[in-house]
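Notes to accompany the following structure.
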Amino acid sequence: MRQSDYMALEEEFGAKNYKPLEVVLERGEGVWVWDVEGKKYMDCLSAYSAVNQGHCHPKIKKAMIEQAEKLTLTSRAFRNDQLGPFYKELCALTGSHKVLPMNSGAEAVETAIKAVRKWGYLVKGVPEDRAEIIVCADNFHGRTITIVGFSTDPVSRKGFGPFTPGFKIIPFGDFAALEKAITPNTVGFLVEPIQGEAGVIIPPAGYFKNVREICTANNISLILDEIQTGLGRTGKLFAEEHEGIEADLTLIGKALSGGFYPVSAVLSNSEVLSVLKPGEHGSTFGGNPLACAVARAALKVLTEENMIDNARNSGALFLAGLQEIKNDKIKEVRGRGLLLAVEFKPEAGGARLYCEKLKEQGLLCKETHNNIIRFAPPLVITAEQVGWALKMIKPILSQ
Ligand SMILES: *Cc1c(COP(=O)(O)O)cnc(C)c1O
């Protein structure tokens, strides 16, 4: 079958909730992927940062196969021999006290919302059903009804109401707005350290230090969604480290499994997770032995193979290269570690065309919000490969 045959099948039988680039992939290794006709591409999206460790990392693959041959799912009705060690290793790596494992990122977000609400009632003493959670405009936290209910992106939310109450939306990076939004019923502030889907939006320096202080002063749980920024992407294990702060709840997913399997988790430094009692929350697949074995291997290679340092070094090279591009239609080039973006002015006519041209050159990336291209290759990218990527990107983005 040719690429067009696969595309025709998707068009005929699939729901059309995505508009992918016209490329049908069948194989991946490290930063490279191959389409069904044998053409090779560098992946500069990394499945939205889920394959930070590179495609089909051999050690994660080995762990997955070995575990699949032994035991895959017990449900949490019984214990399994992977969950405890997974908790211990994850806590040791991240300095957390408690873990609650789920599958998708959106489920981790939902879990955190449930936990901080309950904590608000039981510990903080907020009156029943009055808990408020503050979120930011242009956020991306997933696709469930509750989550899209506090999105400000009309495409994400229009037509899906009625929505869950209890959320207040303030501008991102605006500390005064946060101060104003806090009430005695505020239980949490849910925020991305860097807004990924919004186009790699980095908040003003010092913002998160102030956020941390005001949350502590008002007994509010700071919930950092590090599903995209975490696990090395920005050149630190967590993006919060750039700000010198610690969240009360940290949400991770995506690269937690190196792209092999959906695994997410809520990490807690405070006592928030302890308010959840047996029966109050759960997931059939959350914390299953296959997920835990895969995640343990994914975390191990991240540190063992110095991927976080590499994200910092290769990211600096990549950013410097992008900044050399001369084009009046470019509004801004920005990024941290290997989470990079080029934003075009509206008159450039959209970023999609550039992505299509880059695809022809053998480099895959995806536009976000019309005018922005995000570059986020796997964290295993070498300096030489960054050079190759820039050689492809520079002439095209100069047009
Ligand atoms: C991808 C993402 C999510 C949602 O994760 P899913 O696994 O797609 O549900 C949540 N928050 C952020 C910041 C993300 O990038």
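The values are calculated or read from the model by the stated rules, or taken from the named source; none is laboratory data. Given the structure is predicted, the values throughout are model-derived calculations rather than measurements. Reconstructed Cβ throughout: ideal geometry from the backbone, glycine too, with neighbour counts over all protein chains shown.
Inside region 168-195, can you point out the residues that are within 30 Å of LEU338 (Cα to Cα), in contact (Cβ under 8 Å) with a residue 24 or more places away in the chain and out of contact with any Asp or Glu (no Cβ under 9 Å at 6 or more places or on another chain)?
Across region 168-195, the qualifying residues are ILE169, ILE170, GLY173, PHE175, LEU178, PHE189, ILE194.
Could you pull out the residue among GLU226, GLU271, GLU246 that is within 22 Å of LYS98 (Cβ to Cβ) and crowded, with 24+ Cβ neighbours inside 10 Å?
Working: GLU271 fails: crowded, with 24+ Cβ neighbours inside 10 Å; GLU246 fails: crowded, with 24+ Cβ neighbours inside 10 Å.
Answer to the check: GLU226.
Are there any pairs, at least 6 apart or on different chains, whose C-beta atoms fall under 6 Å, with the first in region 248-260 and of a type in the set (Ser, Thr, Tyr) and the second near the ligand (Cβ under 10 Å from one of its atoms) and modelled with pLDDT of 95 or more, and if so, which?
Partner pairs satisfying both residue conditions: THR250/LEU224; THR250/GLU226; SER257/VAL263.
Among (1) touching a residue at least 60 places away in the same chain (Cβ under 8 Å); (2) in contact with a helix residue (DSSP H, G or I) (Cβ under 7 Å, 6 or more places away or on another chain); (3) buried (at least 18 other Cβ atoms within 10 Å of the Cβ), there is one condition GLU343 misses while meeting the rest; what is its number?
Of (1) touching a residue at least 60 places away in the same chain (Cβ under 8 Å); (2) in contact with a helix residue (DSSP H, G or I) (Cβ under 7 Å, 6 or more places away or on another chain); (3) buried (at least 18 other Cβ atoms within 10 Å of the Cβ), only one is false for GLU343: (2).
With (1) assigned by TED's automatic domain parsing to the domain that holds LEU390; (2) of a type in the set (Lys, Arg); (3) assigned to a helix (DSSP H, G or I) as the list, and LYS118 as the residue in question, which single condition is left unmet?
(1)
Can you name the residue in region 142-177 that is of a type in the set (Ser, Thr, Tyr) and outside any helix (DSSP H, G or I) and, of all such residues, is farthest from GLU197 (Cα to Cα)?
That would be THR164.
Working carefully through the options ILE220, ILE201, ILE227, ILE252, find the one that is touching an Asp or Glu at 6+ places or on another chain (Cβ under 9 Å) and away from the ligand (no atom under 16 Å from the Cβ). I'd like the intermediate steps shown before the answer.
On the way: ILE201 fails: away from the ligand (no atom under 16 Å from the Cβ); ILE227 fails: away from the ligand (no atom under 16 Å from the Cβ); ILE252 fails: away from the ligand (no atom under 16 Å from the Cβ).
Exactly one of ILE220, ILE201, ILE227, ILE252 is touching an Asp or Glu at 6+ places or on another chain (Cβ under 9 Å) and away from the ligand (no atom under 16 Å from the Cβ), namely ILE220.
For region 232-245, how many residues are more than 12 Å from the ligand (Cβ to nearest atom) and in contact (Cβ under 8 Å) with a residue 60 or more places away in the chain?
Qualifying residue count, region 232-245: 7.
Considering ARG336, ARG374, which residue is among the charged types (D, E, K, R), out of contact with any helix residue (DSSP H, G or I) (no Cβ under 7 Å at 6 or more places or on another chain), closer than 30 Å to ASN103 by Cβ and not assigned by TED's automatic domain parsing to the domain that holds ILE202?
Just one listed residue meets the conditions, ARG374.
Could you tell me whether region 206-213 includes any residue that is modelled with pLDDT of 95 or more and within 16 Å of the ligand (Cβ to nearest atom)?
Yes, region 206-213 contains a residue that is modelled with pLDDT of 95 or more and within 16 Å of the ligand (Cβ to nearest atom).
Taking VAL109 as the residue in question, decide whether it is within 11 Å of the ligand (Cβ to nearest atom) and touching a residue at least 24 places away in the same chain (Cβ under 8 Å).
Numbers: within 11 Å of the ligand (Cβ to nearest atom): yes; touching a residue at least 24 places away in the same chain (Cβ under 8 Å): yes.
Considered against the rule, which asks whether it is within 11 Å of the ligand (Cβ to nearest atom) and touching a residue at least 24 places away in the same chain (Cβ under 8 Å), VAL109 comes out as yes.
Can you report the number of residues in region 356-391 which are of a type in the set (Asp, Glu) and either touching a Gly at 6+ places or on another chain (Cβ under 8 Å) or in a strand (DSSP E or B) (or both)?
The total comes to 1.
Counting only residues that are assigned to a helix (DSSP H, G or I) and out of contact with any helix residue (DSSP H, G or I) (no Cβ under 8 Å at 6 or more places or on another chain), which one in region 346-355 is nearest to VAL24 (Cα to Cα)?
Once the filter is applied, the top-ranked residue is CYS355.
Would you mind listing the helices (runs of 4 or more DSSP H) fully within region 1-105 where at least 2 residues are of a type in the set (Asp, Glu) and either under 25 Å from the mean Cα position of the chain (by Cα) or surrounded by fewer than 20 Cβ atoms within 10 Å (Cβ to Cβ) (or both)?
Details: elements: 3-13, 46-49, 58-68, 83-94.
Filter on region 1-105 gives 3-13.
Select the helices (runs of 4 or more DSSP H) contained entirely in region 229-337, then report the ones holding at least 1 residues which are closer than 30 Å to LEU73 by Cβ.
So the answer is 289-304, 307-323.
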